[in-house]
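The values are calculated or read from the model by the stated rules, or taken from the named source; none is laboratory data. The model shown is predicted, which means the values in this text are computed figures rather than measured ones. Here the Cβ positions follow ideal geometry from the backbone for every residue, glycine too, while neighbour counts run over all protein chains shown. Ligands, DNA and RNA are excluded from the accessible area calculation, which covers all protein heavy atoms including side chains. Shrake-Rupley method; radii C 1.70, N 1.55, O 1.52, S 1.80 Å.
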Amino acid sequence: MRVRGALPWLALAAGLLLVALVGGQRQDQGVPLDPASPRPLGTKALVEALAGLGARVTVSGQPPAAGVSTALLLSDDLDPGRRAAVLAWVRQGGVLVVADPGSGISDREVVGSTRVGLLDAELERRCDLPALRDVGRVSAPGGVVFRVRGGAQGCFPRGRGAWLLAQPLGAGTVVRLGGASALVNEHLG
């Protein structure tokens, strides 16, 4: 009698396992954040969009050269020497956009995520940074939000924090993003 009562539950568990195995198989997503990759997790669309807007895009593992005004750090694997050189460049007036929420490039405190329950929220700008005046909202799946403090300006608020922080540093600015998902090919739009 006990076996018959368990059969529906075993059938349900087997069905869920089958769905997970079949539905969970995904095609090769490519190397995450690769600027040359057209795959879903690459950032080739970002490179092409920036070039299409007139930006001169150079992909490099070196600190920004003199004359470069803005740089994007997708994943922070900087050693102490390169980190010091990048921060010196920012202090001289550069704008560094850091898409790696775990980067130690500047002070930040994670206070939440972009999720609302099981869903990722679209975040409204709610700030007056001139560079973002044409942006209404952002979709940042799996992102985090940072506490806004110490002269920083927050954009795209969620709960007690913001997905984007603009932090002054010397004559420049470090712009922290709560993740790079909004920049990958599959989410760029």
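For the range 61-75, enumerate the residues that are among the small types (Gly, Ala, Ser) and touching a strand residue (DSSP E or B) at 6+ places or on another chain (Cβ under 9 Å).
Scanning the range 61-75 gives SER69, ALA71.
Could you count how many residues in the range 31-70 are at pLDDT 90 or above and basic (Lys, Arg)?
The number of residues fulfilling the criteria is 2.
Given the structure, is LEU73 open to solvent by less than 30 Å² (accessible area, probe 1.4 Å), among the hydrophobic types (A, V, I, L, M, F, W, C) and under 20 Å from the mean Cα position of the chain (by Cα)?
yes
Could you count how many residues in the range 145-183 are open to solvent by less than 10 Å² (accessible area, probe 1.4 Å) and among the β-branched types (Val, Ile, Thr)?
Qualifying residue count for the region: 2.
Among the strands (runs of 3 or more DSSP E) confined wholly to the range 42-121, which include 1 or more residues that are of a type in the set (Ser, Thr, Tyr), touching a residue at least 12 places away in the same chain (Cβ under 8 Å) and more than 17 Å from SER181 (Cα to Cα)?
70-73
What are the pairs with Cβ atoms under 6 angstrom where one residue, in the range 130-154, is of a type outside the set (D, E, K, R) and the other, located anywhere, is open to solvent by 60 Å² or more (accessible area, probe 1.4 Å) and assigned to a loop (DSSP other than H, G, I, E, B)? Sequence gap at least six, or different chains.
If the second residue must be open to solvent by 60 Å² or more (accessible area, probe 1.4 Å) and assigned to a loop (DSSP other than H, G, I, E, B), the pairs left are PHE146/ARG108; GLY154/VAL148.
Of all the residues that make up the range 137-188, how many are over 14 Å from the mean Cα position of the chain (by Cα), among the charged types (D, E, K, R) and under 27 Å from LEU41 (Cβ atoms)?
Of the residues in that region, 2 qualify.
What number of residues within the range 136-189 satisfy the criterion of being touching a helix residue (DSSP H, G or I) at 6+ places or on another chain (Cβ under 7 Å), closer than 15 Å to VAL110 by Cα and assigned to a strand (DSSP E or B)?
The number of residues fulfilling the criteria is 1.
Tell me, yes or no, whether the range 130-137 has at least one residue that is open to solvent by 60 Å² or more (accessible area, probe 1.4 Å), acidic (Asp, Glu), at negative phi and modelled with pLDDT under 95.
Yes - at least one qualifying residue is present in the range 130-137.
Quick check on this structure: which one of PRO101, PRO38 is under 20 Å from the mean Cα position of the chain (by Cα) and more than 28 Å from LEU169 (Cα to Cα)?
Unique residue meeting the criteria: PRO38.
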